[in-house]
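The values are calculated or read from the model by the stated rules, or taken from the named source; none is laboratory data. For clarity, every value in this text was computed on a predicted model and none was experimentally measured. When we count neighbours, we look across all protein chains shown, and the Cβ atoms used for this are built from the backbone with ideal geometry, even at glycine.
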Amino acid sequence: MTFDDQRVLVTGGSRGIGRATAHALASRGARVAIGYRSDEASAQATLQALPEVPPGAHVALRADIADPADAHRLVDEAHAALGGLDVLIANAGIGGRHRIDEDDYDAWQHAWSRILAVNLVGTANVAYAAGRHMIQGGGGRMVFISSRGAFRGEPDQPAYGASKAGVNALAQSLAQQLAPHRIFVGVVAPGFVETDLARERLAGPAGDAIRAQSPLGRVATPEDVAYAATFLASRDAAFTTGAILDVNGASYLRT
């Protein structure tokens, strides 16, 4: 898979899955815009680590996609900086524990509004802005990063599970809506991933049980997920539009 001269926006690109995907695409010739919300140091470190051909090919752009104006601005700035937009990797997302049997109503409402604003509505707004540019440019690809939690449930963070189920439905709706414009849409649904944020939990008492969920005896690496996203973003994957690709090491098998 090559991405020579392809112009890519990766939201949530400063760490974890986003960082690995940005690196995978840049190493295959893409020019990459990294979207990030607040961690400028990580965004700049990721930017500096990307292979650059030519030098200065990549850019880091700050935006909070929970803000509709910011989401649109991020895409417009990526389009301007790269000279177009061929691929969107919609990776930005948040979670957080919230339970009916533990939290008061205010905390419950806050969790739902905050998580859906980023994971679902923010993703939809980024997709809208990217889709408009891609229609004008004659086509493109979108890849949404979802979760196995969309299928199996997330009892400790139900808004996260619901938001990712919404992302799946959004992607499949857009796959049908945008195919006539030669815009192809795919979803990667990982299980547990060994990101910077998850490393402490994996090193703790729950780590062995989490790894044992997969018959491979491990969790996914960010590179595992990045490879799947890179495949779906490739020109040759057009006929997989609308597909949801599970990357969970057989820890959850849906029928």
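Assorted remarks:
- Test: residue in segment 56-75 that is crowded, with 21+ Cβ neighbours inside 10 Å, of a type in the set (Val, Ile, Thr), out of contact with any Pro (no Cβ under 8 Å at 6 or more places or on another chain) and in a loop (DSSP other than H, G, I, E, B): yes
- If the condition is being outside any helix (DSSP H, G or I), out of contact with any Ser or Thr (no Cβ under 6 Å at 6 or more places or on another chain) and not acidic (Asp, Glu), then segment 5-23 contributes Gln6, Arg7, Val8, Leu9, Thr11, Gly12, Gly13.
- Test: residue in segment 188-207 that is touching a Gly at 6+ places or on another chain (Cβ under 7 Å), at positive phi and not in a helix (DSSP H, G or I): no
- Test: residue in segment 105-121 that is part of a loop (DSSP other than H, G, I, E, B) and surrounded by fewer than 20 Cβ atoms within 10 Å (Cβ to Cβ): no
- Residue in segment 208-220 that is surrounded by fewer than 19 Cβ atoms within 10 Å (Cβ to Cβ) and touching a strand residue (DSSP E or B) at 6+ places or on another chain (Cβ under 8 Å) present: no
- Tabulated pairs, segment 239-250, first more than 19 Å from Arg141 (Cβ to Cβ) and touching a residue at least 12 places away in the same chain (Cβ under 8 Å), second hydrophobic (A, V, I, L, M, F, W, C) and surrounded by fewer than 19 Cβ atoms within 10 Å (Cβ to Cβ), C-beta under 7 angstrom, 6+ apart or interchain: Gly249/Leu216
- Test result for Arg31, surrounded by fewer than 22 Cβ atoms within 10 Å (Cβ to Cβ) and among the basic types (Lys, Arg): no
- Residues of segment 198-230 that are hydrophobic (A, V, I, L, M, F, W, C), closer than 15 Å to Gly18 by Cα and at pLDDT 95 or above: Ala220, Val225, Ala226, Ala228, Ala229.
- One residue alone among Val185, Val167 is closer than 27 Å to Ala129 by Cβ, assigned to a strand (DSSP E or B) and touching a residue at least 12 places away in the same chain (Cβ under 8 Å), and that residue is Val185.
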